[in-house]
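Peer 1: Okay, here's the structure, questions in a sec.
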Amino acid sequence: MNLLLYLLILHIVGTAGGLFLRKFRLPAGALVGALLAAMLINSVYTTDLLYPYELRLFIQILSGLVIGTRFTRSDIRSLRSMALPVFILMTVLLATNLLFAFIMEYSTELSFMTSFFACAPGGVSDLALVATDFGAVMEHVALLQLFRLVTVILVFPPMIRKMLGIGSQAKEKTLVLTRKEGTIPYHMLTFLCALSGGLAFHALSIPAGAILGAILAVAVLNLGSDRASYPLSLKVMVQIAAGTYIGSRITLSSFASMHILLVPALILVVELFFMAFVAAFILHKVCHLSWATALFSATPGGIQEMGLISDELGLETPKIVLMHTFRILAVLGVLPFMAGLFG
């Protein structure tokens, strides 16, 4: 099987799996579905062909484009009153990440880099794509990050709701967390900015430069014009592409070492509770955020998922979305440098 045919089959299967799970409205359904489908086809039809580096780079740039459009003028205005909470959250999360990475390294068979990215409170696809650049075992990072996401989405919202006695306040309107549809010229301009920024940072050998450069370039465009946008279907396409790539790296041999991940998974659960409650306690006491807002802000789930759940519960959704936006940006911006420093 030649490379082109392999990639065609892999992405067709990944797309089918992503769209199938997305229909069930599962958290990160497109990503998880594509990952599982690609993993299945890659395990059944073993091959020595490698996923092209250039294609992975392109996926990173598109991921940065989607994230960069979250940076709006209103975020900057809100940051005046949210600067201290954002700083506290970033400090606690990154310090906790580093602490538990050392614990995981010394308590398990995983390397420091693998432990570091597995413990990071970032996106499943973003971290798995970046981890490879630092020598981490991407399959282990992806599996542990998926475990983190599923645990957060399934456990934390109902636990917080019950613990704080929050009643469901479902609303007619749906919170829109993706950027506005925009027009084709602005789609093209946004894409060119992301491509230029991503390639420039990559050429400068900046850690995770492709995704960071794309984020920065699109954020600057959005702050200047407030018109950075992308087709609404692009976000799903990026999730499917990222899931397909990650799934292509996971084979039967990855599951043969699943016993290695049992202890790391338990450590990850402890980290999730420690990270969320310590950060929330400090935010509540120092910044006087409500307990519910502080907990949802400090819980490392997906921006979209946590935002929609908080909106359903009638919480301070704009603040929560802002905190999660800067959490992702800090993870992608600071973690690669921390990895280089401590690794």
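The values are calculated or read from the model by the stated rules, or taken from the named source; none is laboratory data. It should be emphasised that the depicted structure is a prediction, and the values quoted were computed from it without experimental measurement. Every residue, glycine among them, receives a Cβ derived from its backbone with ideal geometry; neighbour counts consider all protein chains shown.
Peer 1: Examine segment 155-169 for a residue that is among the polar types (S, T, N, Q), closer than 26 Å to ALA34 by Cβ and at pLDDT below 90, and state whether such a residue exists.
Peer 2: no
Peer 1: Which ones in segment 127-137 are part of a helix (DSSP H, G or I), of a type outside the set (Gly, Ala, Ser) and either surrounded by fewer than 24 Cβ atoms within 10 Å (Cβ to Cβ) or modelled with pLDDT of 80 or more (or both)?
Peer 2: THR132, ASP133, PHE134
Peer 1: Still on this structure, I have one more. Where in segment 1-102 are there helices (runs of 4 or more DSSP H), lying fully within it, with 2 or more residues that are among the polar types (S, T, N, Q) and under 22 Å from the mean Cα position of the chain (by Cα)?
Peer 2: Details: elements: 3-22, 29-44, 53-68.
Filter on segment 1-102 gives 53-68.
Peer 1: Could you check segment 293-322 and list, in sequence order, the residues that are of a type in the set (Gly, Ala, Ser) and at pLDDT below 85?
Peer 2: Scanning segment 293-322 gives GLY301, GLY302, GLY307, SER310, GLY314.
Peer 1: Filter segment 315-331 for residues that are touching a Ser or Thr at 6+ places or on another chain (Cβ under 9 Å), assigned to a helix (DSSP H, G or I) and either touching a residue at least 60 places away in the same chain (Cβ under 8 Å) or among the β-branched types (Val, Ile, Thr) (or both) and give the result.
Peer 2: Within segment 315-331, THR317, PRO318, LYS319, ILE320, VAL321, LEU322, MET323, ARG327 qualify.
Peer 1: Within segment 74-97, is even one residue farther than 28 Å from CYS287 by Cα, at pLDDT below 90 and buried (at least 16 other Cβ atoms within 10 Å of the Cβ)?
Peer 2: Checked segment 74-97: no residue is farther than 28 Å from CYS287 by Cα, at pLDDT below 90 and buried (at least 16 other Cβ atoms within 10 Å of the Cβ).
Peer 1: Let me ask you something else. Looking only at segment 272-292, count every residue that is in contact (Cβ under 8 Å) with a residue 24 or more places away in the chain and over 13 Å from PHE156 (Cα atoms) and tell me the total.
Peer 2: Total meeting the criteria: 9.
Peer 1: What are the pairs with Cβ atoms under 6 angstrom where one residue, in segment 28-55, is free of Cβ contacts under 8 Å to residues at least 12 places away in the same chain and the other, located anywhere, is among the basic types (Lys, Arg) and surrounded by 19 or more Cβ atoms within 10 Å (Cβ to Cβ)? Sequence gap at least six, or different chains.
Peer 2: GLY29/ARG22
Peer 1: How about segment 129-166: which of its residues are among the basic types (Lys, Arg) and in contact with a helix residue (DSSP H, G or I) (Cβ under 7 Å, 6 or more places away or on another chain)?
Peer 2: Selection gives ARG148 alone.
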